[in-house]
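Data first, discussion second: the structure below is written as structure tokens.
Laboratory data are not the source of any read-out in this text; all were calculated from the coordinates shown. Model, not experiment: these values are computed from the prediction. Neighbour counts run over all protein chains shown; Cβ positions are idealised from the backbone, glycine included.
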Amino acid sequence: MSFNNENFKEEVNSLNKTNTVFYQGSEPDVIRDQIRKNEIGIDNYTGEIEWGEPVTVSLRVKFGMDYSRQSRSEDKSTYNFNPISKSYSELDSSLTSYFTSSENTFRPKLGFSVEKEKLNVNVNAGSSITQFDNYSLYLGKITNLNKNYVLPYGNAQISYRYSDSKSIWTNYNYEVIFPLASQILPVKNLANPLNTIEGNPNLIPSRSHSGYLSFRDYNFANRSGYSIYFGGNWYDSQIVSSTVYDSNRKRSTSYENISGTYSTWFGWNWNKSVKKEVHNFRFDFDFNANNGLAKGLTDQEIFEANYFNVTPSANFTYEYGELLTINPSYGLTYNETKYTNYLLSSTSNLSHRFNIQTTNYWPKNWFFGNDFGYTYNSNIADGFKKEFYLWNTSLAYIFLDKKMIAKIKVYDLLNQNQSVSRTISSTSIRDEEYIVLKRYLMFSLTYKIKKFTGRE
């Protein structure tokens with residue numbers, strides 16, 4: 001028997017000052033000066049009971065049942081600024097709403113497991129019986145939508161160990177994800193003056209098949225070896241947004257079910273450690289790639305986005321006894337998306353990252369560290385800085401029988417730190433810059449407690 005619970009609560013207060021100006025058509029301008037209060041609560045509870053009956057020494061048949069309850073609530077309150085009282089005290093009912101959803105699932109299942117010296121197999125299958133309830137309160141109107149589902153359930157894991165260092169592992173899972181209350185309830189969301197969002201009560205849950213396979217040959221004693229892995233998801237049904245534009249290019253968005261989409265990934269990594277007297281060398285190489293097909297709806301027409309990205313990286317570490325450590329690394333990321341039946345035919349971007357870390361442990365009891373990095377983004381909109389350098393340095397002294405460490409660190413010595421990124425999705429290309437902390441100085445004092453209540 002087992003029981004698990006997860007409880008999450010988040011409260012966010014944000015200031016919203018926006019001017020939305022319509023230069024064409026008859027739409028009135030939208031001027032907002034507001035405080036938005038958003039409270040999200042998530043509560044998940046899962047209980048399981050299972051009985052295993054041995055058939056042979058290695059084969060066991062299992063019977064069991066699961067029960068889970070997943071609930072989510074979102075309470076949004078918006079207050080407009082009152083110039084008379086000079087406070088945010090006027091409730092804006094059009095931007096105030098309350099949504100809840102819950103999934104109560106009962107899952108009878110049976111399966112079998114094989115446990116041998118080198119082979120392990122675990123298979124489960126059954127049915128998921130779910131009661132799916134949704135509720136909203138918006139503009140004084142209550143909306144309820146309750147549905148019941150009986151869906152298949154199954155998963156399998158197989159692992160085989162060839163030797164102490166070599167093993168192969170694979171798994172399969174059939175997954176069902178229910179829509180959010182805001183996606184399925186026919187309630188209009190007017191928070192964005194350029195995009196009215198309304199749920200679709202005819203949505204069905206997302207259903208996908210996922211698989212994973214990996215092979216590893218790794219010697220833990222000398223920290224050397226390699227691994228190869230690949231996997232993917234195939235969607236029988238996926239929830240996507242459907243956007244319609246009016247003559248003023250104002251959007252109305254809802255949600256639809258799409259089939260035939262997928263995502264795949266592949267990767268490998270190789271590690272090698274070499275020790276020669278006081279010299280230690282470590283080599284690390286990684287390669288990751290993703291490919292997939294996404295679909296969406298614009299003006300009731302289906303478009304496709306076939307995306308591909310690859311991220312190779314290399315890392316080298318040299319250690320000279322306990323006196324010096326040098327660690328250079330390089331990484332490259334390439335993204336490309338090709339569209340069908342869309343405004344663009346394709347888009348891509350490339351970024352480079354180089355970094356070198358050094359730590360000097362001489363003279364005795366002194367530590368001198370440097371972390372220098374260079375980042376370059378090849379394809380980003382004009383007005384954004386495409387490259388920058390980041391240099392952090394620190395000096396530390398250890399004393400009092402190695403129990404006390406005094407340290408001074410200068411972060412972003414060149415005062416160039418920035419956070420700029422390009423994100424390519426099936427419906428947008430976003431170039432974003434975030435405000436980040438630049439150069440600062442930090443002092444720290446650390447005391448190591450070697451003994452506590454008489455124990456090491």
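Points worth noting:
- Which of Ile197, Ile204 has the fewest Cβ neighbours within 10 Å, and the rest in rising order: Ile204, Ile197
- Between the alpha-carbon centres of region 224-265 and region 19-59 there is a gap of 17 Å.
- Projected onto its three principal axes, the C-alpha set of region 5-153 covers 81, 32, 31 Å, listed from the longest axis down.
- Here the Karplus relation 6.51 cos²θ - 1.76 cosθ + 1.60, evaluated at θ = phi - 60°, turns the backbone of region 365-376 into coupling constants of 6, 10, 10, 10, x, 9, 9, 10, x, 10, 10, 9 Hz, with x for every Gly and Pro.
- Normalised contact order of region 51-447, rounded percent, pairs of Cα under 8 Å and 6 or more residues apart: 7 percent
- Phi to ³J(HN,Hα) by Karplus 6.51 cos²θ - 1.76 cosθ + 1.60 over region 298-304, Hz, x for Gly, Pro: 10, 6, 6, 10, 7, 10, 10
- Cα-derived Rg over Rh, computed across region 51-447 with Rh taken as Kirkwood radius: 1.04
- Taking every alpha-carbon pair in region 257-337 and binning the separations at 10 Å intervals from zero gives 15, 29, 21, 16, 11, 7, 2 percent.
- Across region 44-58, computed HN-Hα scalar couplings (Karplus, 6.51 cos²θ - 1.76 cosθ + 1.60, θ = phi - 60°) run 10, 10, 9, x, 9, 9, 9, 10, x, 10, x, 9, 10, 4, 10 Hz from first to last residue, x flagging Gly and Pro.
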